[in-house]
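Visitor: Here you go, one structure.
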Amino acid sequence: SQQGEEDPQALSIQEGENATMNCSYKTSINNLQWYRQNSGRGLVHLILIRSNEREKHSGRLRVTLDTSKKSSSLLITASRAADTASYFCATVVNDYKLSFGAGTTVTVRA
Amino acid sequence: NAGVMQNPRHLVRRRGQEARLRCSPMKGHSHVYWYRQLPEEGLKFMVYLQKENIIDESGMPKERFSAEFPKEGPSILRIQQVVRGDSAAYFCASSPGAGGGYEQYFGPGTRLTVT
């Protein structure tokens with residue numbers, strides 16, 4: 001079964017707005033990772049947050065992790081058309097196996 | 001430094017044929033993972049290999065699917081007697097070491113279509 005579940009399934013925003021998506025997971029984790037996938041392409045690693053971290057930033061990305069609620073969020077600030085993609089959270093199972101959710105599809109309108 | 005390479009990028013096979021998907025990991029990476037992505041879904045783990053060893057194949061169907069990572073050459077995912085349900089995108093990832101602290105770098109994927 002899938003470990004991570006993203007919410008919402010789809011998100012449409014205007015360029016310049018912020019986009020927030022959430023991920024919930026079931027079991028204890030060592031870290032949680034976020035990936036981006038452009039249509040028809042492979043996955044690009046965005047950010048890894050460890051279980052002892054609460055927040056992490058990378059450029060316009062901000063990730064939070066709440067292990068008590070088993071949830072994480074990804075915030076993209078000042079969105080651009082190039083941010084149009086699907087975003088996946090993944091947890092690590094058995095120390096190496098990435099377990100992905102179904103993803104959030106983000107569309108940034110110009 | 002080339003990334004993870006996969007070929008072919010697109011593969012069309014008729015039902016009953018064999019499909020061979022190749023993955024060359026990043027230079028210096030000896031850990032390879034295969035994932036499958038069905039339409040509108042996330043990636044599902046299939047198999048984890050190190051050079052000449054299958055470490056975990058728990059996500060791979062027991063029949064018709066096999067994987068190898070020989071001492072020399074790319075990792076191969078082989079699907080025998082393909083069926084329409086095998087149509088999916090197959091992604092390979094590699095990492096320099098084992099453990100969740102290592103990032104897995106993904107290739108562009110092979111899109112298999114079974115007609």
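The values are calculated or read from the model by the stated rules, or taken from the named source; none is laboratory data. All values derive from a computational prediction rather than experimental measurement. Cβ placement follows ideal geometry from the backbone for every residue including glycine, while neighbour counts extend to all protein chains displayed. Please note that ligands, DNA and RNA were not included when accessible areas were found on the heavy atoms of the full protein model with its side chains. Shrake-Rupley method; radii C 1.70, N 1.55, O 1.52, S 1.80 Å.
Visitor: Report, by chain and number, residues whose modeled amide H sits under 5 Å from the one on A:Thr84, excluding near sequence neighbours (fewer than 5 apart, same chain).
Guide: A:Val108
Visitor: At a probe of 1.4 Å, how much accessible area disappears from chains B and A on forming the pair, both sides counted, to the nearest 100 Å²? Present the calculation step by step, with values, prior to reporting the outcome.
Guide: Values: alone 6510 and 6010 Å², together 10860 Å².
Interface area, both chains combined: 1700 Å², rounded to the nearest 100.
Visitor: Give me the inter-chain shielding for A:60-70: mean count of other chain Cβ atoms within 10 Å, whole number please. Write down the numbers at each step before the final one.
Guide: Working: counts 0, 0, 0, 0, 0, 0, 0, 0, 0, 0, 0.
Mean shielding by partner chains, rounded to a whole number: 0.
Visitor: Per residue, how much accessible area does chain A show when a 1.4 Å probe rolls over the protein heavy atoms, in square angstrom?
Guide: For chain A, the per-residue accessible area is 47 Å².
Visitor: Given labels modelled 7 Å from the Cα in the Cβ direction, how far is it in nm from A:Asp7 to B:Thr113?
Guide: For A:Asp7 paired with B:Thr113, the spin-label model returns 3.7 nm.
Visitor: Taking a ≥ b ≥ c as the square roots of the Cα gyration tensor eigenvalues, with a/c under 1.5 meaning rounded and otherwise prolate when a/b beats b/c, else oblate, which class fits the range A:29-101? Write out the running numbers ahead of the final one.
Guide: Details: a/c = 2.39, a/b = 1.31, b/c = 1.83.
In terms of gyration-tensor shape, oblate.
Visitor: Principal axis extents for chain B, Cα atoms only, whole Å, descending order, please.
Guide: 38, 25, 24
Visitor: Right, something else. Given the pairs A:Lys26/B:Lys44; A:Lys56/B:Lys27; A:Lys26/B:Lys27, which span a C-alpha to C-alpha distance of over 27 angstrom in this model?
Guide: Details: A:Lys26/B:Lys44 16 Å; A:Lys56/B:Lys27 29 Å; A:Lys26/B:Lys27 35 Å.
Long pairs (Cα-Cα over 27 Å): A:Lys56/B:Lys27; A:Lys26/B:Lys27.
Visitor: Could you calculate the contour length gain from A:Asn38 to A:Asn94, that is, 0.36 nm times the residue separation minus the distance between their Cα atoms, to one decimal place in nm? Write out the running numbers ahead of the final one.
Guide: Numbers: separation 56, 0.36 × 56 = 20.16 nm, distance 2.77 nm.
Gain on stretching A:Asn38 to A:Asn94: 17.4 nm.
Visitor: Taking amide hydrogens as modeled 1.01 Å from N in the peptide plane, which residues meet the under 5 Å criterion relative to B:Met5, leaving out close sequence neighbours?
Guide: Counting only residues 5 or more places away or on other chains, the set is B:Ser24.
Visitor: Right, another one. I want to verify a result. In a Gaussian network model of chain A, Cα cutoff 10 Å, which of these has the top mean-square fluctuation: A:Ser51, A:Ser24, A:Ser39?
Guide: A:Ser39
Visitor: How big is the gap, in Å, between the Cα center of the range B:8-43 and the Cα center of the range B:95-115?
Guide: So the separation of the two Cα centres works out to 8 Å.
Visitor: Still on this structure: Give me the percent of accessible area attributable to carbon and sulfur for the protein assembly as shown, probe 1.4 angstrom. Before the final figure, lay out each step's value.
Guide: Values: 4900 of 10860 Å².
After summing per-atom areas, the C and S share lands at 45 percent.
Visitor: While we're on this one: Could you work out, residue by residue across B:49-58, how many beta carbons of other chains sit within 10 Å of that residue's beta carbon, and then give the average as an integer? Walk me through the numbers on the way to the answer.
Guide: Numbers: counts 0, 0, 0, 0, 0, 0, 3, 3, 0, 2.
Counting other chains' Cβ atoms within 10 Å and averaging over B:49-58 gives 1.
Visitor: Residue by residue through the range A:78-86, which ³J(HN,Hα) values in whole Hz follow from phi under the Karplus form 6.51 cos²θ - 1.76 cosθ + 1.60 (θ = phi - 60°), with glycine and proline marked x?
Guide: 6, 4, 10, 4, 5, 7, 4, 4, 9
Visitor: Peptide B:103-111: average number of partner chain Cβ atoms within 10 Å per residue? Each step should come with its number before you reach the end.
Guide: Working: counts 3, 9, 4, 8, 2, 4, 5, 0, 1.
Counting Cβ atoms of other protein chains within 10 Å of each residue's Cβ and averaging gives 4.
Visitor: Can I ask one more? Suppose R0 equals 22 Å; then what is the FRET efficiency for B:Ser58 and A:Asn18 from their Cβ-Cβ distance, rounded to the nearest 0.05?
Guide: Numbers: r = 39 Å, r/R0 = 1.76.
E(calc), rounded to 0.05, equals 0.05.
Visitor: Along the Cα→Cβ direction, 7 angstrom out, place labels at B:Glu40 and A:Thr67. What is the inter-label distance in nm?
Guide: Placing both labels 7 Å along Cα→Cβ, they lie 3.6 nm apart.
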